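Chemist: Here it is: the structure, laid out below.
Throughout, read-outs are computed from the coordinates displayed, never taken from laboratory work. Keep in mind the model is a prediction, meaning the values are calculated, not measured. Methodologically, a virtual Cβ is constructed for each residue, glycine included, from the backbone with ideal geometry; neighbour enumeration extends over all protein chains shown.
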Amino acid sequence: MTAKKSLADYQSAYEEIIHSDQPKRDILLAGLMNEMEKQFEIPMIRNEAWIRENPEIAAMYRKLSITRTL
């Protein structure tokens, strides 16, 4: 089983990925989002209660989503 990452680990990975060329950047960001969905059990449908309970995770996930161009 893969070790769980901290939010700081996801931030570091994001900072490395944003320097990649398109479309590689979008693919790597999508993979990072997928990892976060699994690790933090991010709901598929927007859930305001989950967002209130996990504001830092929600903000990081939103940041990844906004950065993608796909």
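Chemist: Which residues, counting only those in region 17-50, are within 15 Å of Leu7 (Cβ to Cβ) and either of a type in the set (D, E, K, R) or free of Cβ contacts under 8 Å to residues at least 24 places away in the same chain (or both)?
Modeler: Residues satisfying the conditions are Glu35, Glu37, Lys38, Phe40, Glu41, Ile42.
Chemist: Among the residues of region 1-11, how many are polar (S, T, N, Q) and either under 11 Å from Lys63 (Cβ atoms) or surrounded by 12 or more Cβ atoms within 10 Å (Cβ to Cβ) (or both)?
Modeler: Residues that pass the stated criteria total 1.
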